[in-house]
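What follows is calculated from the coordinates using simple rules that are stated; it is not laboratory data. Note that the coordinates shown come from a computational prediction; the quantities given were computed from them, not determined experimentally. Cβ atoms come from the backbone with ideal geometry, glycine included; neighbour counts cover every protein chain shown.
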Amino acid sequence: MNTEILGVLAMYGILVLLAIPIGRYIGKVYAGERTWPDPVLGPLDHVFFRLSGIKADRDMNWKQHLVALLTINLVWFLFSMLMLMNMSWLPFNPDGNPSMSADLAFNTTVSFVSNTNLQHYSGESGVSYLGQLVLMLFQFVSAGTGMAACAVVFNAMKERTTEKLGNFYNYFIKSCTRILLPLAIVVAIILVFNGTPMTFQGKDSYISMQGDTVQVSRGPAAAMIAIKQLGTNGGGFFGANSAVPFENPNYFTNMVEDISIVLIPMAMVFALGYILKRRRLAWVIFGVMTIGFLCFLIPSLFYEMKGNPSIGHLGISQSLGSMEGKEVRFGSAASAFWGITTTVTSNGSVNAMHDSFTPLTGMFTMLGMMVNSFYGGVGVGFLNFYVYMIIAVFISGLMVGRTPEFLGKKIEAKEMKIATMVALLHTFLILSFTALSSHLFAAHPQEYAGWLNNPGNHGFSEMLYEYTSSSANNGSGFEGLGDGVPFWNITCGIVMLLSRFIPIVGPVAIAGILAKKKYIPESAGTLKTDTTTFGIMVFAVIAIVVALSFFPALSLGPLAEFFGVK
Amino acid sequence: MSKHIRTNKLFEPSLVKEALKQSFVKLNPRILIHNPVMFTVEIGAVVMLAVCIWIWKGEKSQGSFLYNFLIFLILLITVLFANFAEAIAEARGKAQADSLRKTREDTPAKKIFAVGEIFTNEIKTVPSSQLRKGDYFMCEAGDIIPMDGEIVQGIATIDESAITGESAPVIREAGGDKSSVTGGTKVLSDKIKVRVTTEPGESFLDKMIALVEGASRQKTPNEIALTILLAGFTIIFIIVCVTLKPFGDYASTPITIAAFISLFVCLIPTTIGGLLSAIGIAGMDRALRANVITKSGKAVETAGDLDTLLLDKTGTITIGNRKATNFWPGGTVDNYVFIEACLLASLADETPEGKSIVELASGKGIKPPDIRKDGAKFIEFTAETRSSGIDLNGMKIRKGAFDSIRSIVVKAGNEIPVDVSDRVHVIAENGGTPLVVSKDNVALGVIELQDIIKPGIQERFQRLRKMGVKTVMVTGDNPLTAKYIADKAGVDDFIAEAKPEDKMNYIRNEQTGGKLVAMMGDGTNDAPALAQADVGVAMNSGTQAAKEAGNMVDLDNDPTKLIEIVEIGKQLLMTRGTLTTFSIANDVAKYFAIVPALFIVSIPGLQSLNIMNLHSPESAILSAVIFNAIIIPLLIPLALRGVTYRPIGASALLRRNLLIYGFGGIVVPFIGIKLIDLLVSTWF
């Protein structure tokens, strides 16, 4: 078999094998059971709880959870703005990098607090080491926020009637110290041993063969790369992200980093199975996500490995696949695999330029972000999936002649209102802001000429991708877009902010309202949600909602380009 | 089941005429706004009309006048079709209700005036419309009862066929559970005094008619939730269509207003939006056709969710009452002597059991002796003695339950023969009821009474079990007998020696477990349980209190009706779900028709998306819009009849419906649009 394909299979295989036990472990953490790191990390948690005065065993209802979540996020937002706008004179700035402008700081702060990590700056010249450390902190806490929200929903889905849904701070700190931290340490150590820098010294320099002195940026990179992969953050230490040899030195680190992208999102599904004692349900959800993922992955692998016919016409061999914008050390298959894993999960780190993918692969990366729940971001991926499940339960419940119920709770107007709003939001943000930028560009082509390197269908894809990435809290860029200007900084910031918090508030509210309702035991007439049939139903709902929302836009971007490339 | 006038044809010409008229009346935006999906289509039609006028005045950029006018026309027809669906459902419901209402047109009423012009308690004939709640009236043989009411005095046989279709007359009497009379029914014999229990225009039937006519129809919670989802889809498509304008500008592709509006109308869920209220009305109408009056649409919906049914044994599970099936003489008693004693003891017994003993004895060729001359004395059943019988020629023959006869026998110093007591146990164990007969304080033998289980009832219970509905038999029998019958009939549980409060407690228990419970009842002492149950079906013959407490009234007084009600409820929800799925699945094909048509001029590559190979952009758009309109009337029969419910388990049902309405919903429009395009392409 082709070794490139073998590499992809190995990555996916190891991923699933790791995700199952880690899912079980995460389940134990959220269920409050004893886990093996307790002797070491237990005291650490305790210190945090003592310092902050948190009573970790006090239960909260869903509203209190959300208040806690939004409050700490607001504090982080202010803290980050302050740091990024003043870092030029603060310590740990050996390269003398400048502070950020207000609009860039706003964009970057929102981007990191919202777990998006859209970067309208370049790490080497745009931030100091202190800045990088602040951003790294957010890579932990924003991931922890999403996971804690997800843990609340897991707790609420249990078969009982209650308002007590655990303690938010407890879930949050446990997510950071018990799950993210140990995994990040392992990944960072692997990276360090493979040559990724981990230092506080400034730029290094060497004299090239031609005799020029070349400055090479470095810094505390390994630690940040580990958490940016694990926490579906994606914000790289260096501008070109994991395509840079310092971030991703070889094929082995590429495997480790790529597995890290999907590990926790996938494990969260198995954690659900453990917490609810419904392993079949977890496998059905996993199955739906995997089939969706494969629908994007397989054609992408095919088109990337087949090569780009336009370049082929120029007489350049396409035997290695489409290699424009890709790293030779990874090859076309591993780059396509990364491209799809990073977009389905809202990670957004890249090891190849998405702008240079063949048109259909470009479309599948966008579709991955439009769905945003085939594995999805840590914690939030499942929350998005949960909303689709609510809609699927509603329609299929009707189809079997019962007013719809999900895990023993009746779904009524209020929950449908929230679910519909959340499902709508993504479409609304992506399409309306792309429309806004299209309108501006079409109306003033001279003034905004700097935005697009490639007008036409590809330019449209670039704008569509940027907002899709923002709205999916993904953070990758199609590049080729002149995005470091106030218009893009501010609009993308607004999109990221709305698309981060509303899809967290919505599912937590639904789950909280449902948890309070009367529990109805299953009967023979109840629609079982842990069956293949229901899996197909959820898949169909996702496919139809996404297809109906984005078909016209996609046909003007990647599809038009695809049919144009002969 | 009733046999009175019912329109089984879906499109009765007279109804269609009325519905057509109503479809235009409903174009009024103030009425249509209650249906947001169709309201937006109407706005689309108005915009297209404006575009047509604009072209008339000389605008060139929007395509030909004919094409735009056709789009306008089709949109208008789409709205009319949806209005027609609702109107025909209303008309059918109304016709059904009218046929019931005919029975209660103004009839003369013999009103009793407490203080009349000349006497007190004067009787004067007035039109029934002048009767008010609390008034009293008199009815004699041959009178039509003018209003719903409760008998306060007297007993009468009444022909209720006008309401129930059942020709056999029924007995109604003051006091007890069968004191209710319905307006429009006819008194056949005797004389009764009745208190009016409803104001004119407020009877259950009037309420139901108002529900069907839409005057007081409120959306059910489930309908509201579905409307929210549909509104959500509509908003998505508003976003898609509005943003398409700048996208088109960017791609330098002018998109005509007609194309925008067509795309929008095709995408929003017009099919289900147009049929939603028709489905709801049709659900109530189907209930009415089953002779059940529902007090709200919600009750029908809840019926589909029921988990537990409380069913009375007598009349539901078994035919009427117990019947004598065997005579078991004890010890050395002669068979003939024993049967004669049984016969004598039952001669004056007017209960169904007593009559069945006489019947069985006559069947064995034993005739009752002529007892008039002998100065016989009949002993009535009393609660104290719990036995009945006859004193004849110094003989004392008694018949009663084992305990009561035993106490008589033992008191007289005799013993019950062993084979008699054995026989009693054997009968009880087999679900029968033993009656012991004694002569002069000596036990002679045992009469066996058996319940006859209704044929086909086991299958119905099996069907219910597959639906996930638990059946509970309620009976006054002892636990042993109850268990035997419960096993034989195949119910899941039973309440033996049931008192009204037992039913209530059982319902409460089930409800705390999160279950929805239905029960049927007629007596005043059933009223609290009827009110407590999620679906309480009161018999029309029941007391006013029972009817007020329940949320449905069964005109047929048929206890098996609950089973039908469950299926009607499920059908209602399923029809909604399947048509929603169908409607949304249709959009896939419509996209493939319209999107290439929009951009084909500026981006020729998108011709590859035109997988149906439609003739031209105009023909593609027209075909999609025409299909979108035509599918509504095509689905009206399905909306009115409801999707057939099959008790095959929820997952299998979902698979089936997903395949038919989901997958079918994707495929059908591809074929339909292509066929229409073949026609339309001759002009466009």
Quick shape check on region B:432-500: root eigenvalues a ≥ b ≥ c of the Cα gyration tensor, a/c under 1.5 is rounded, otherwise prolate if a/b tops b/c, else oblate, and it reads prolate
Averaging the inverse of every distinct alpha carbon separation and then flipping it gives the Kirkwood radius. What is it for chain A, in angstrom units? 23.9 Å
For labels at B:N335 and B:W54 in the simple 7 Å Cα→Cβ model, what's the distance in nm? 10.0 nm
When every alpha-carbon pair in region B:32-158 is counted, what percent end up more than 20 Å apart? 67 percent
A:I207-A:V328 FRET efficiency (beta carbon distance; Förster radius 30 Å; 0.05 resolution): 0.75
With 0.36 nm assigned to each residue of separation and the Cα-Cα distance removed, A:D95 to A:H439 gains 119.8 nm
What residues have an amide H closer than 5 Å to that of B:E122, excluding those fewer than 5 places away on the same chain, when H is modeled at 1.01 Å from N in the peptide plane? B:F113, B:G116
Peptides ranked, highest mean first, by Cβ atoms within 10 Å: ranges A:31-38, B:511-518: B:511-518, A:31-38
Kindly write out, for region B:482-498 in residue order, the coupling ³J(HN,Hα) from the Karplus curve 6.51 cos²θ - 1.76 cosθ + 1.60 (θ = phi - 60°), rounded to whole Hz, with x marking Gly and Pro. 4, 4, 4, 5, 4, 5, 5, 7, x, 7, 7, 7, 8, 10, 8, 6, 6
Too long for a 29 Å Cα-Cα cut-off, among B:K26/B:K590; B:K133/B:K178; B:K439/B:K503; A:K414/B:K298; B:K17/B:K57; B:K124/B:K295, are B:K439/B:K503; B:K17/B:K57; B:K124/B:K295
List the lysines whose Cα sits under 19 Å from the Cα of A:K326, skipping any in the same chain fewer than 8 residues away. A:K306
Note down the nm distance, to one decimal, between modelled labels 7 Å out along Cα→Cβ at A:K516 and at B:K364. 6.9 nm
Let me test this: with uniform point scatterers at the alpha carbons of region A:379-564, what is the Debye-based log₁₀ I(q)/I(0) at q = 0.08, 0.11, 0.15 1/Å? -0.34, -0.58, -0.90
What whole number of Å gives the distance from the Cα centroid of region A:338-389 to the Cα centroid of region B:569-626? 27 Å
For the ranges B:245-252, A:225-232, A:403-410, A:46-53, what's the packing order if you count other beta-carbon atoms within 10 Å of each residue, average per peptide, and put the highest first? A:225-232, A:403-410, B:245-252, A:46-53
Between B:E459 and B:A652, 0.36 nm times their residue separation minus their Cα-Cα distance comes to what? 67.5 nm
I'd like the Karplus ³J(HN,Hα) series for region A:317-333: coefficients 6.51, -1.76, 1.60, θ = phi - 60°, whole numbers in Hz, and an x wherever there's a Gly or Pro. 4, 10, 5, 8, x, 7, 9, 5, x, 10, 8, 5, 5, 9, x, 6, 5
Prolate/oblate/rounded call for region A:319-452, Cα gyration tensor, a/c under 1.5 rounded: oblate
More than 50 angstrom apart: percent of Cα pairs within chain B: 33 percent
Between region A:214-272 and region B:399-470, what is the C-alpha centre distance in whole Å? 82 Å
At B:S616 and B:S681, where each label point lies 7 Å from the Cα along Cα→Cβ, what is the point-to-point distance in nanometres? 1.2 nm
Full-extension gain in nm, B:F11 to B:N121, via 0.36 nm per residue minus C-alpha separation: 34.4 nm
May I ask you to evaluate 6.51 cos²θ - 1.76 cosθ + 1.60, the Karplus curve with θ = phi - 60°, for each residue of region A:294-309 and list the ³J(HN,Hα) values in order in whole Hz, giving x for glycine and proline? 5, 4, 7, 6, 4, x, 5, 4, 4, 6, 5, 6, 6, x, 9, x
In degrees between 0 and 90, to the nearest 10, how far off the longest principal axis of chain B does helix B:13-25 point, with axes built from Cα atoms? 50 degrees
When you look at the Cβ of every residue in B:605-614, what mean number of other chain Cβ atoms sits within 10 Å? 3
Sticking to Cα atoms, compute the Rg of region B:581-624 to one decimal and its Dmax as the biggest Cα-Cα distance, whole number, in Å. 10.4, 34
For region A:1-74, take N as its residue count and report Rg(C-alpha) divided by 2.2 N^0.38 Å. 1.70
For region A:221-308, the Debye formula with one identical point scatterer on each Cα and no solvent gives log10 I(q)/I(0) at q = 0.11, 0.15, 0.25 Å⁻¹ as -0.44, -0.75, -1.13
Roughly how crowded by other chains is peptide A:534-540, in terms of the mean Cβ count from those chains within 10 Å of each of its Cβ atoms? 3
Under 1.5 on a/c is rounded, so check that first for region A:3-279, then, if it is not, pick prolate when a/b is larger than b/c and oblate when it is not; a ≥ b ≥ c are the square roots of the alpha carbon gyration tensor eigenvalues. oblate
Below 16 Å Cα-Cα, how many Lys pairs turn up in region A:3-279? Only count pairs eight or more apart in sequence, or on different chains, if you could. 7
D for the protein assembly as shown, whole µm²/s, Stokes-Einstein with Kirkwood Rh over alpha-carbon pairs at 10 °C and 1.306 mPa s: what number? 45 µm²/s
